[in-house]
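The structure under discussion appears below in the form of structure tokens.
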């Protein structure tokens with residue numbers, strides 16, 4: 001394979017690693033905060049789920065990212081590489097600042113910025129963009145609703161129970177944490193699969209968009225490795241800064257997040273795990289008492305969500321100009 005294709009693959013796996021590092025907080029924050037599991041055990045459990053998920057639930061999201069967003073002639077190796085640089089730069093910045101922003105938004109912004117810089121708006125498939133934006137922006141609303149309803153259900157089911165019920169809630173979190181890790185791996189690792197496969201098609205290495213098994217394995221392994229290292233700054237933000245999480249909150253938020261994320265993965269919708277988990281935590285807290293939620297923290301995260309796509313797009317547009325100057329294609 002050409003050198004630029006190897007550079008693209010390496011950049012994609014770096015993005016995937018940072019995605020796991022960045023988003024590990026989403027998977028384990030509640031289970032650590034409620035002391036259902038210790039940090040090391042929680043991260044190991046999450047990484048096992050991350051590496052397994054992509055093999056179980058197909059590649060619908062990869063197809064959405066890889067074949068429905070941009071016209072085929074605009075997806076060159078330089079465009080894909082620039083998109084990855086924009087996404088990686090934003091992920092590293094928000095990780096350093098402890099802002100749980102969306103890796104999915106960063107990647108979509110990176111792709112849009114590079115394509116617009118190289119080929120203009122006519123290269124964007126409007127139907128595919130609508131599908132992706134719809135999934136990204138509706139999923140947090142569904143997260144709040146699902147978290148609220150799940151919490152109300154758990155409250156009803158546990159009415160009249162003694163404090164010993166918390167032991168069962170903690171045990172239940174082991175199941176929901178595992179399911180959340182599987183769903184996160186199924187959704188987020190597929191985005192990297194789609195990007196790598198795009199690059200292989202653009203370079204002529206593959207004749208059509210079909211995700212090879214080695215791409216699935218490499219993407220699953222990279223995101224699992226990133227998860228194993230853990231994003232401790234972000235774990236603290238999601239695990240305690242919204243409100244004081246108890247086992248019932250953790251179980252409700254994790255269960256709600258899993259339903260939304262796994263449903264989106266099966267339907268081919270690339271959602272943001274950060275958005276869904278944060279929203280589900282807020283929904284679970286609101287079901288008990290809206291005033292217990294620190295809404296200022298949620299507002300800061302919301303601002304990060306809104307600026308991620310345009311800023312990642314700007315970085316990738318600049319990266320495309322530089323790459324094109326060094327290696328015009």
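Nothing in this text is a laboratory measurement; each read-out follows from the coordinates by a stated rule. Quick caveat: nothing in here was measured; it's all calculated off a predicted structure. As a convention, Cβ positions derive from the backbone with ideal geometry for all residues, glycine included, and neighbour counts pool all protein chains shown.
Key figures
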read-out: Between helix 39-56 and the chain: long-axis angle, C-alpha atoms, 0 to 90°, nearest 10; value: 50 degrees
read-out: Whole-number D in µm²/s for the stretch 80-133 (Stokes-Einstein; Kirkwood sum over Cα pairs; 25 °C, 0.890 mPa s); value: 209 µm²/s
read-out: Folded to 0 to 90 degrees: helix 273-288 orientation relative to the chain principal axis, Cα; value: 20 degrees
read-out: Fully extended contour minus Cα-Cα distance, from residue 266 to residue 175, at 0.36 nm per residue; value: 30.8 nm
read-out: Highest-fluctuation residue, 261, 216, 307 considered, GNM on the chain with Cα pairs under 10 Å; value: 307
read-out: For the chain, built as a Gaussian network whose Cα springs stay under 10 Å, the top-fluctuating residue of 193, 71, 150; value: 71
read-out: Residue among 208, 12, 114 with the largest mean-square fluctuation in a Gaussian network model of the chain, springs linking Cα atoms under 10 Å; value: 208
read-out: Calculated [θ] (222 nm, deg cm²/dmol) that DSSP helices of n ≥ 4 give over the chain, each run adding -39,500 (n - 2.57); value: -27500 deg cm²/dmol
read-out: Cβ-derived FRET efficiency at R0 30 Å, residue 96 paired with residue 327, nearest 0.05; value: 0.55
read-out: Share of alpha-carbon pairs per 10 Å distance bin for the stretch 125-210, given as whole %; value: 13, 27, 27, 17, 11, 5, 1
read-out: Spin-label pair residue 205/residue 126, simplified geometry with 7 Å Cα→Cβ offset, distance in nm; value: 3.5 nm
read-out: Sorted largest first, extent of the chain alpha carbons per principal axis (Å); value: 68, 36, 33
read-out: Between the stretch 117-175 and the stretch 75-93, the alpha-carbon center distance in angstrom; value: 27 Å
read-out: Acute angle (nearest 10 degrees) that the helix 213-229 long axis makes with the longest principal axis of the chain, alpha-carbon atoms; value: 50 degrees
read-out: Ellipsoid equivalent to the stretch 46-185 - semi-axes via the Cα gyration tensor, in Å; value: 38, 16, 15
